[in-house]
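Visitor: First, the structure itself, so that you have it in front of you.
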Amino acid sequence: MNNNWFEEWFDSKYYHILYQHRDYAEAQLFMDNLVAYLGIAPRSTIWDLACGKGRHSIYLAEKGFDVTGTDLSVQSITAAREFEQQYLSFFQHDMRDGFRINYFDYIFNLFTSFGYFDNEKHDLKVLKNVAKSLKNNGIFVMDFLNVHHVAAHLVAEETKVLSDVKFHITRNITDGYIVKNISFEAEGRQHQHQEKVRAFSRDELTRLFTKAGLAVNTIFGDYQLNEFDPQQSPRLILTSC
């Protein structure tokens, strides 16, 4: 299995078929709550790091902010660029590479877009890049999964039929990673892909943040910004500067 599974899978049309029903209302509610909590001023610069097709970026720009979205997937960025305007731009970019030093008021890394790498030094490099790209007193927000909640609610196996493609999905937690195996038949052949995300706990992420020079300020447990509960919260949302 390709260790850099995200390079191929995120740029596959079948990835976008499988995840075609993203919850835009939930994403917008989260952004509304986050903007209100942080008190983000109009035309503040925001970097949506690993933006996908830009659902958060587009909404943030509509709310009056100067937004830059980046993602590794060429296909996602191509789709997102259809929405570009004066205060919204998109770029193909690897999060392990530096980007616009001392430039952003806020950097958002949303919807579990972290922990993809086999070596933790790459995860740390991402966070160090974030620290370098923030202005003085800038704020970083990471929206990650809560591994304890995932483990308690893991669906080990399921089948989904989307756009006439039958996806067979299995899930497990092994060797410190949450692993999803996806198999399906399309265009006359069998396809197999794997998603593999490091099962970082709150303490592990806090340790990485500290090593990158990012101080954790607050931790929330859901998109309503309720207090984090290690056993009950569906999300692990950290704000840092």
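The values are calculated or read from the model by the stated rules, or taken from the named source; none is laboratory data. These figures come from a predicted structure and were not determined experimentally. Every residue, glycine as well, gets a Cβ built from its backbone with ideal geometry; the counts of neighbours run over all protein chains shown.
Visitor: Taking the criterion of being farther than 25 Å from residue 220 by Cβ and among the basic types (Lys, Arg), would at least one residue in region 55-69 satisfy it?
Guide: No, the conditions are met nowhere in region 55-69.
Visitor: May I pose another question? Kindly indicate whether any position in region 154-166 is surrounded by 15 or more Cβ atoms within 10 Å (Cβ to Cβ) and either within 27 Å of residue 49 (Cα to Cα) or without any contact (Cβ under 8 Å) to a residue 40 or more places away in the chain (or both).
Guide: Among the residues of region 154-166, not one is surrounded by 15 or more Cβ atoms within 10 Å (Cβ to Cβ) and either within 27 Å of residue 49 (Cα to Cα) or without any contact (Cβ under 8 Å) to a residue 40 or more places away in the chain (or both), which makes the answer no.
Visitor: Tell me whether region 51-59 contains one or more residues that are in a loop (DSSP other than H, G, I, E, B), among the charged types (D, E, K, R) and touching a strand residue (DSSP E or B) at 6+ places or on another chain (Cβ under 9 Å).
Guide: yes
Visitor: Just to verify a result, which residue in region 186-208, among those that are in a strand (DSSP E or B) and polar (S, T, N, Q), is surrounded by the fewest Cβ atoms within 10 Å (Cβ to Cβ)?
Guide: Result: 190.
Visitor: Quick test for you: out of 105, 94, pick the one residue that is under 27 Å from residue 223 (Cα atoms), acidic (Asp, Glu) and assigned to a loop (DSSP other than H, G, I, E, B).
Guide: 94
Visitor: Any chance region 223-240 includes a residue that's polar (S, T, N, Q) and outside any loop (DSSP other than H, G, I, E, B)?
Guide: Kept after step one, since they are polar (S, T, N, Q), are these residues of region 223-240: 224, 226, 231-233, 239-240.
Subset that is outside any loop (DSSP other than H, G, I, E, B): 239-240.
Checking region 223-240: at least one residue is polar (S, T, N, Q) and outside any loop (DSSP other than H, G, I, E, B).
Visitor: Give me the residue from region 1-37 that is among the aliphatic types (A, V, I, L, M) and surrounded by fewer than 16 Cβ atoms within 10 Å (Cβ to Cβ) and, out of that set, nearest to residue 141 (Cα to Cα).
Guide: Top of the filtered list is 36.
Visitor: Of the residues that make up region 79-90, is at least one part of a strand (DSSP E or B) and either touching a Cys at 6+ places or on another chain (Cβ under 6 Å) or of a type in the set (A, V, I, L, M) (or both)?
Guide: Step one: filter region 79-90 for residues part of a strand (DSSP E or B), giving 85, 88-90.
Next, only the ones that are either touching a Cys at 6+ places or on another chain (Cβ under 6 Å) or of a type in the set (A, V, I, L, M) (or both) stay: 88.
Yes, because at least one residue in region 79-90 is part of a strand (DSSP E or B) and either touching a Cys at 6+ places or on another chain (Cβ under 6 Å) or of a type in the set (A, V, I, L, M) (or both).
Visitor: Take region 134-185 and flag every residue that is within 18 Å of the chain's Cα centre (by Cα) and not in a strand (DSSP E or B).
Guide: 146, 147, 149, 150
Visitor: Taking region 88-115 as the search range and keeping residues that are more than 14 Å from residue 142 (Cα to Cα) and touching a Phe, Trp or Tyr at 6+ places or on another chain (Cβ under 7 Å), which one is surrounded by the fewest Cβ atoms within 10 Å (Cβ to Cβ)?
Guide: My answer is 93.
Visitor: Which pairs do you get when a residue that is without any contact (Cβ under 8 Å) to a residue 40 or more places away in the chain and farther than 25 Å from residue 43 by Cβ, found in region 72-87, comes within reach of a residue that is of a type in the set (D, E, K, R) and buried (at least 20 other Cβ atoms within 10 Å of the Cβ), reach meaning Cβ atoms under 6 angstrom, with the pair 6+ apart or on two chains?
Guide: 79/53
Visitor: Any idea which of (1) over 29 Å from residue 226 (Cβ atoms); (2) modelled with pLDDT of 95 or more; (3) of a type in the set (D, E, K, R) is the one residue 7 doesn't satisfy?
Guide: Single failed check for residue 7: (2).
Visitor: Moving to a separate point now. Looking only at residues that are more than 24 Å from residue 20 (Cβ to Cβ) and not acidic (Asp, Glu) in region 66-90, which one is nearest to the chain's Cα centre (by Cα)?
Guide: Per the stated criteria, the residue is 68.
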